1. Could you pull out the trypsin sites (Lys or Arg not before Pro) across region 57-123 that fall in loop regions by DSSP (anything but H, G, I, E, B) with no more than 16 other Cβ atoms inside 10 Å?
2. When the Karplus curve 6.51 cos²θ - 1.76 cosθ + 1.60 is applied with θ = phi - 60°, which whole-Hz ³J(HN,Hα) does each residue of region 260-266 get, with x for Gly and Pro?
3. Principal axis extents for region 1-158, Cα atoms only, whole Å, descending order, please.
4. If you put +1 on each Lys and Arg Cβ and -1 on each Asp and Glu Cβ, how big is the dipole of region 17-217 around its Cα centre, in Debye rounded to 20?
5. Using only Cα atoms, locate the centre of region 133-204 and the centre of region 52-129, then give the distance between them in Å, rounded to an integer.
6. On a 1.4 Å probe surface of the protein chains, which of R173, R8 comes out largest in accessible area, and what is the full order?
7. At 0.36 nm per residue, and after removing the present C-alpha to C-alpha distance, how many nm does the segment from K100 to T207 gain when stretched out fully?
8. On the full set of protein chains, 1.4 Å probe, figure out the accessible area of L225 and give it in Å² to the nearest 10.
Amino acid sequence: MAMASLYRRSLPSPPAIDFSSSEGKKIFNEALQKGTMEGFFRLISYFQTQSEPAYCGLASLSVVLNALSIDPGRKWKGPWRWFDESMLDCCEPLEVVKEKGISFGKVVCLAHRSGAKVEAFRTNQTTIDDFRKLVMKCSTSENCHMISTYHRGVFKQTGSGHFSPIGGYNAERDMALILDVARFKYPPHWVPLKLLWEAMDSIDDSTGKRRGFMLISRPHREPGLLYTLSCKDESWISIAKYLKEDVPRLVSSQQVDSVEKILSVVFKSLPSNFNTFIRWVAELRIAEDTKQNLSAEEKSRLNLKQVVLKEVHETELFKHISKFLSTVGYEDSLTYAAAKACCQGAEILSGCSSKEFCCRETCVTCVKGPGEAEGTVVTGVVVRDGSEQNVDLLVPSTQTNCECGPEANFPAGNDVFTVLLLALPPQTWSGIKDQALMQEMKQLISMASLPTMLQEEVLHLRRQLQLLKRCQENKEEEDFAAPAF
């Protein structure tokens, strides 16, 4: 039985000009000579076709984030960290996007959450002249890319709202290159910039707001060197609510007379799945694919993580939390990290559930990199159907001196709790009735007393919390700016 289907669409021309046509090539060469195609080569190197008819926003953002070489901090498939549409599920469930698409504000929110620097504008917030200047800015740089959301009908194309990156600009002809991520439908094409502005200056029926564009660039450094918030589990909404609303209420409504009492109040009410919300960022590698020693790149990343971990361990808040956790019988050790190495190793073998695998053994070794500096590697031997695979987890560590000699300290619950409390808004503790205790708590979480790298790590988590709150309250369509503190 025959099924109705479509194979591409003919590009309405005019007004658009096919990028691969003789005229399209001529426009490209003119722009190349004038230096307004600088961003094109990075974008085209990482270009992809949207995997679902309504994934244009997610595909556009994936292309740009990968073109900017922003590390997602979590794996895509196998051991590889890479942005893909399937990973951009924080501000809107993929099932919803697949059915209804995604709004401009939610794509902006996703870009912020992914660690990029974002400037976003609806057409009623700027002018066509400013838009032209920003197109020129991105077209003459490899470090800034633009995503436009527009209505296809203005170009006489089928469909309605759409997202795509802008790949370049011909200033003499005043034409912009749209790298259409729906390549199954239309090829990349040149359009008059005035017409692109008109296509953006339309109302999105799902939000009642105008469309627009965003500029995306790299931050000054990779955010979340060691810690990150995860919203893969739907429980993030209740956890974010607990942190932003319940914690301030709890510390203000109960009689707390010491820092330990505050910690007790906060931790005894923690949601059961709290450990899925904040995690330390692990780096995995297949043992057979690497030498025993760390590479210079691996050692550099591990060193940065170790600096942040050491700075956390040196805070007074960490000492309070460690003392409190020891009194409630909390235990955490590298054995747990070793178990996680096996679990994650099982997942990267074939994408199957870790229940299909077993971990035969784990071991902890110290390896050396350039300069003979040591690093810690946890190796898990994963077994499935008689075959084995060694998976390495590169673990940052610090050392403290005790009576029995140097002792290694690895990422654990006490430092994770520490950075999360540091990331809560300062006003969280304003309701404490004991004024002296309130001042002591504010001093413990004061950003001014933190070293620079830890400050940046905490601010990153604080921005993530604020963006999650914005999504939770459905305010991402109203506020495009990155949270400022």
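1. R74
2. Karplus values, whole Hz, x for Gly and Pro: 4, 5, 4, 4, 4, 4, 5.
3. 49, 41, 36
4. 160
5. Here the answer is 17 Å between Cα centres.
6. Result of the area sort, largest leading: R8, R173.
7. Between K100 and T207, full extension yields an extra 37.3 nm.
8. For L225, the solvent-accessible surface is approximately 30 Å².
The values are calculated or read from the model by the stated rules, or taken from the named source; none is laboratory data. Only a predicted model underlies this, so the values are computations on that prediction, with no experimental measurement involved. All Cβ positions, even for glycine, are placed from backbone atoms using ideal geometry, and neighbour counts span all protein chains on display. Note: areas computed on protein heavy atoms with side chains; ligands, DNA, RNA excluded. Shrake-Rupley method; radii C 1.70, N 1.55, O 1.52, S 1.80 Å.
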